Amino acid sequence: MTNDRTEWTRRLPQFLVEAESLLARSEECLSHLQLISNDKDAIDCILSTLLKLASKADALALAAVSDFSLHIHGLLNHAHQQTELHDQALLALKDCFTLMAWQLELIDQRTGQLSLDDSEQTALIEALAFHVGHSPSQLPANTKPFTRISFMERQA
């Protein structure tokens, strides 16, 4: 069943409330990680909230939010299994959460578009990748993670 404009407009405010709650939870877990390095429960909390956020954003065709969440999830998931997350990695993760929260506020409520360039998301993903032991060349080369498409375009 596809959603029409009215359904999407009705669901967006609910998504924004849920997304804000998920980001707040992720930030709480991040604060815990800053106190207790590599706490598995805190990392698992962040990973699960990022997946929930990506799923909910994807359901509304908010690709920029969904893809950003999935990239952060992928880097963090791979990193915590292979190395300790040091202070610079945690600061880079915090910067990602800050940008995501800011971007959620800028989503056009009528179109679902986020009228920003990708440079800051890309820079933060690259910084996080660097701090968790990945070079930018190790990021998926064939992916265009921040392509924006409105919900209406997706349904067409």
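Structure summary
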quantity	calculated
Potential extension, residue 25-residue 122 segment - 0.36 nm per residue separation minus Cα distance	32.6 nm
Relative packing of peptides 48-61, 112-125 - highest average C-beta neighbours within 10 Å first	48-61, 112-125
Spacing of the two label points (7 Å from each Cα toward its C-beta) at residue 11 and residue 105, in nm	2.6
Per residue, the convex hull volume that the Cα atoms of the range 17-63 enclose (Å³)	58
Square roots of 5 times each gyration tensor eigenvalue, C-alpha, the range 67-116, largest first, Å	28, 12, 5
Extension reserve of the residue 48-residue 88 stretch, reckoned as 0.36 nm per residue once the Cα distance is removed	12.2 nm
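Since every read-out is calculated from the coordinates, none of them should be taken as a lab result. Since this is a predicted model, take the numbers as computed values, not measurements. No Cβ is skipped: glycine too gets one built from the backbone with ideal geometry, and neighbour counts run over all protein chains shown.
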